[in-house]
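Below: the structure, in structure tokens.
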Amino acid sequence: MTIEKIRNNIASCIGKEYLFKVNGSRNQTEKFYGIITNVYKFIFLIKCSNGIVKSFSYSDVLIGNIEFVSIS
């Protein structure tokens, strides 16, 4: 999968709520609910359920540092 395909897939998910799992440093994992709000050329923004806005790059998705599951 290419960065362009990932960007297009994420752009189609704007406004939907997801469960995000972020693999951080030192084997730390963070899970949170949020909505993808904006998609830019190199990053995308997620507004968490507690109001905090987080940014991630498309390469984070490509290498598996962030995963998300639809809540339906």
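The values are calculated or read from the model by the stated rules, or taken from the named source; none is laboratory data. None of the values given here were measured: they were computed from a predicted structure. Counting neighbours? That spans all protein chains shown, and the Cβs are built from the backbone with ideal geometry, glycine included. We work out accessible area using only protein heavy atoms, side chains counted, and drop any ligands, DNA or RNA first. Shrake-Rupley method; radii C 1.70, N 1.55, O 1.52, S 1.80 Å.
List of remarks:
- Subset of the stretch 14-49 (residues that are open to solvent by less than 70 Å² (accessible area, probe 1.4 Å) and either under 13 Å from GLU67 (Cβ atoms) or of a type in the set (Gly, Ala, Ser) (or both)): GLY15, TYR18, LEU19, PHE20, VAL22, ASN23, GLY24, PHE32, GLY34, ILE46
- Residue ranges of strands (runs of 3 or more DSSP E) in the chain with at least 1 members modelled with pLDDT of 95 or more and touching a Gly at 6+ places or on another chain (Cβ under 8 Å): 17-23, 29-39, 43-48, 53-57
- Selected residue (criterion: surrounded by the most Cβ atoms within 10 Å (Cβ to Cβ)) from residues of the stretch 50-72 that are under 9 Å from the mean Cα position of the chain (by Cα) and not hydrophobic (A, V, I, L, M, F, W, C): TYR58
- Within the stretch 1-13, the residues that satisfy the criterion of being free of Cβ contacts under 8 Å to residues at least 12 places away in the same chain and either of a type in the set (Phe, Trp, Tyr) or farther than 16 Å from PHE68 by Cβ (or both) are THR2, GLU4.
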